[in-house]
Amino acid sequence: MANIKIPKGWEIPENQVTPESAYINRRKFIKDLGIAGAGALSLFGTSACAQESKVAKQLEPYRMQTLEAKKNKEFTVKREQTDEIVAATYNNFYEFTSSKSTVWKRVERFKTRPWEIEISGLVEKPMTLDVDDLIKQMPLEERIYRFRCVETWAMVVPWIGFPMKALLEKVQPKSEAKYVKMVTFMDPDVAPHQNNFGLPWPYVEGLTLAEAMNDLTLMVVGVYGHILPPQHGAPIRLIAPWKYGFKSIKSIVSIELTDKKPRTFWNVILPREYGFEANVNPNVPHPRWSQATEWMIGSMERHPTVIYNGYGESVAHLY
Ligand SMILES: Nc1nc2c(c(=O)[nH]1)N[C@H]1C(S)=C(S)[C@@H](COP(=O)(O)O)O[C@H]1N2
Ligand SMILES: [Mo]
């Protein structure tokens, strides 16, 4: 809480660290260089290209493990889909690093299979499931969702998963259950930031039971047609698209139903900046920056932020 000393790097909203995102759209970057000499152009061009093929290589084993999922046409987005490589090279996964553009490298030793997920607390049928058994049991679907980080970057991604509701129905919440607490793996040997900074690891997030039961709330096991690569939170993560990205916890090992509001990771560190609810809202500025607009990773296009990230029809009644 107040006495935790937060190192400087953590306080910099990544949208102010523009050099990191510069290479993610080579064409735009080169265009922005404008009158720069041919030497500079080829230098930047080449390194971006080399980077792209390295990421493609890193993704290869995951791309080969395709997932069959019905495209759910109810969930499409008018805006252009984000390029897969761009999405896989601009990540927040603070267990590994606070530098978004290097997460894909830092997850090298992160083993995401075999993997168990425990569901416990105020449920009739607590259970522990192997993630691949769970995937076999669940009706997978693909949904294209808008995604909005609190730092103002945004993307459009085809996730594969199943409604969290389907999982909760399996374990049968008791009537006293009010919240769903989710916890990320803890292994400082492979995720070195978990050793550092005196932060409250492991990463914890939570939803009200009503939010968790909402049809939009997805347990995600794949992206772009295949299983999740580690940088996106393999093997299983949450996506709650009407909330800021930090709510969408990665690499979940446990789900606990409780009658108390869980103490969530960012809320413990910076309670005035990262509320429990964290619904996307253009009219409520972050204490350190405006939330009125967002920018798309890849194209860098800026758009006005939309209340509930455009999903008000499904979720506004919850608030
Ligand atoms: N365990 C864990 N989950 C996490 C994070 C994290 O650092 N650790 N970062 C969050 C934040 S701030 C965002 S914006 C999204 C980013 O997801 P992506 O890298 O797949 O785009 O993951 C969220 N889930
Ligand atoms: Mo975020």
request  = Please indicate, with yes or no, whether at least one residue in the stretch 159-180 is aliphatic (A, V, I, L, M) and either within 16 Å of ligand 2 (Cβ to nearest atom) or within 17 Å of K111 (Cα to Cα) (or both).
outcome  = no
Extreme residue, surrounded by the most Cβ atoms within 10 Å (Cβ to Cβ), among residues of the stretch 100-113 that are in a loop (DSSP other than H, G, I, E, B) and within 12 Å of ligand 1 (Cβ to nearest atom) = V107
query = Which of the residues that make up the stretch 224-247 are within 21 Å of T112 (Cα to Cα), outside any helix (DSSP H, G or I) and in contact with a helix residue (DSSP H, G or I) (Cβ under 6 Å, 6 or more places away or on another chain)?
reply = Y224, H226, I227, P229, P235, I236
query = Can you spot a residue in the stretch 203-223 that is open to solvent by 40 Å² or more (accessible area, probe 1.4 Å) and in a loop (DSSP other than H, G, I, E, B)?
reply = yes
request  = Say whether the condition of being assigned to a loop (DSSP other than H, G, I, E, B), open to solvent by less than 30 Å² (accessible area, probe 1.4 Å) and within 16 Å of ligand 2 (Cβ to nearest atom) is met by at least one residue in the stretch 57-76.
outcome  = no
query = Within the stretch 151-170, can you find the residues that are away from ligand 1 (no atom under 15 Å from the Cβ) and either within 14 Å of N72 (Cβ to Cβ) or open to solvent by 20 Å² or more (accessible area, probe 1.4 Å) (or both)?
reply = F162, P163, K165, A166, E169, K170
message = For the list (1) in contact (Cβ under 8 Å) with a residue 60 or more places away in the chain; (2) surrounded by fewer than 18 Cβ atoms within 10 Å (Cβ to Cβ), I need the number of the one condition that R143 fails.
response = (2)
task = State whether one or more residues within the stretch 253-267 are within 15 Å of ligand 2 (Cβ to nearest atom) and in a strand (DSSP E or B).
result = no
inquiry  = On the basis of being touching a residue at least 12 places away in the same chain (Cβ under 8 Å), buried (at least 21 other Cβ atoms within 10 Å of the Cβ) and more than 14 Å from ligand 1 (Cβ to nearest atom), does R148 make the cut?
reply    = no
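The values are calculated or read from the model by the stated rules, or taken from the named source; none is laboratory data. Remember, predicted model here, so these are calculated numbers, not experimental data. All Cβ positions, glycine included, derive from the backbone under ideal geometry; neighbour counts span all protein chains shown. What goes into the accessible areas is simple: the full protein's heavy atoms, side chains included, and nothing from ligands, DNA or RNA. Shrake-Rupley method; radii C 1.70, N 1.55, O 1.52, S 1.80 Å.
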